[in-house]
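Here is the structure we will look at.
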Amino acid sequence: MPADEPATLDLMVPADAAGERLDRILSRLLPDYSRNRLQTWIEEGRVSVDGVVRPGKYRLYGGETLQVTPATEIASLVDAAEDLPLRVVYADAHLIVVDKPAGLVVHPGSGVTGGTLLNALLHHFPETAGVPRAGIVHRLDRDTSGLLVIGRTLRAQTRLVEAMKARRIGRTYTALTTGRIEGRQWIDAPVGRDPRHRTRMAVVPSGREARTLIEPLELLPGATLLDCTLETGRTHQIRVHCRYIGHPLVGDPVYLSRKPPSPLLAAFPRQALHARRLELPHPETGESCSWESPLPADLGELLTALRDDV
């Protein structure tokens, strides 16, 4: 467990908590941890009242001592570390910001058991083995490049996840779409599982709220360079929303149904999407922080070729 995360937390139940449930008081005393996480610890027997493990619905009298033993994932993750290259943009005792290259999977799953960002984090920052998902707060698709934030401690990760839920983390992407988009617009369309193709997402009435701001930066032959700002963070949100308005991303293997007429665009081997800017409140100090990532070489070379083709 990280050095600043105590092995056991000793808490005093306040007198005004008489008659309150254990799970509710625990949430009040440990606001840095999500209710789901605290509930899991209660169910796992990691929370005791005056030395006796109690269920979440147990009513307190006030004045008791609670002992909480936070769970870690060291046992399941410690052997998963791999010496993989990792471009670290920023790191302090609480968070890490990395610039992920296209082609790197963020987290094991769906047949991918190694060679991921998580495996690299465990090698370069071994303490993240004590944090769920090695501290990963959000994800990028395998072939999307750009910035990701990782919580280096359990408290930092929890605060970053809560900031994400509260929409206090800003994420801006650079995208190259097919066709011509001339005006700034909000795309407000719910995203959920595609009922006809269960392996992909779509705009569907039953989907979750999804809002993306798109702002054209440059009109190019057969394509438009955009800034895309996420208000929500649904799976494949930008890719789905661009398809929804009739301008799927260049190179998108899932949502681009017809090859663009331009050989340059048709030859691009991945979705042209890059997470270029990340803004967030620091999980410990609350200070506003931001980072930017330059366009990756492959996308930059495509833009140069398109400009030369005008």
Item to complete: May I ask you to derive the FRET efficiency for D50 and S288 from their Cβ-Cβ distance with R0 = 35 Å, giving the value to the nearest 0.05?
Response: 0.25
Discussion item. If Rh is defined by the Kirkwood formula over all Cα pairs and Rg also comes from Cα, what ratio Rg/Rh do you get for the stretch 196-283?
Written reply: 0.98
Worksheet entry | Total charge dipole magnitude, the chain, about the Cα centre, Cβ charges on Lys, Arg, Asp, Glu only, Debye to nearest 20 | 1280 debye
Response to the item:
Shape call for the stretch 74-165, from the Cα gyration tensor axes a ≥ b ≥ c (a/c under 1.5 means rounded, otherwise prolate when a/b beats b/c, else oblate), comes out rounded
Worksheet item: Mean separation of Cα pairs under 8 Å and 6+ residues apart, divided by the residue count of the stretch 170-308: what relative contact order is that in percent?
Response: 25 percent
Item to complete: Quick one: go through the stretch 27-44 and flag any residue whose amide nitrogen is under 16 Å from the point 7 Å out along the Cα-to-Cβ line of A71.
Response: 33-44
Worksheet item: Hey, what did the chain get for relative contact order, percent, Cα under 8 Å, at least 6 apart?
Response: 14 percent
Worksheet item: Which option, (i) 48, 46, 40; (ii) 79, 50, 35; (iii) 75, 43, 38, is the value of Cα extents along the principal axes in Å that was calculated from these coordinates?
Response: (iii)
Fill in: Residues of type lysines that K57 reaches as a straight line, Cα spacing below 29 Å, ignoring anything fewer than 8 places off in the same chain
K165
Discussion item. What do you get for trypsin sites (Lys or Arg not before Pro) in the stretch 210-266 restricted to DSSP loop and a cutoff of at most 12 other Cβ within 10 Å of the site's Cβ?
Written reply: R258
Discussion item. Mean-square fluctuation check for the chain, GNM, Cα pairs under 10 Å: which of A223, A275, A166 is largest?
Written reply: A166
Worksheet item: Add -39500 (n - 2.57) for each DSSP H run of 4 or more in the chain, then divide by its residues: what number comes out at 222 nm, to the nearest 500 deg cm²/dmol?
Response: -5500 deg cm²/dmol
Fill in: Inter-label distance, nm, simple model (7 Å from Cα along the C-beta direction), A166/D188
2.4 nm
Discussion item. Residues of the stretch 13-27 with backbone nitrogen within less than 14 Å of a virtual label 7 Å along the Cα-to-Cβ line of K57, please, listed as ranges.
Written reply: 21-24
Worksheet item: So for the pair S257, T199, with labels modelled 7 Å out along Cα→Cβ, what separation do we get in nm?
Response: 1.8 nm
Worksheet item: Taking the simple approach of a point 7 Å from Cα along Cα-to-Cβ for both R180 and N36, what is their distance in nm?
Response: 4.5 nm
Practice prompt. Taking the Cα atoms of the stretch 9-68, report the difference between the largest and smallest coordinate on each principal axis, in whole Å and largest first.
Written response: 25, 22, 20
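Bear in mind that the values in this text are calculations on the coordinates, not laboratory data. No experiment lies behind these values; they were computed from the predicted model shown. Cβ: placed from backbone, ideal geometry, glycine included. Neighbour counts: every protein chain shown.
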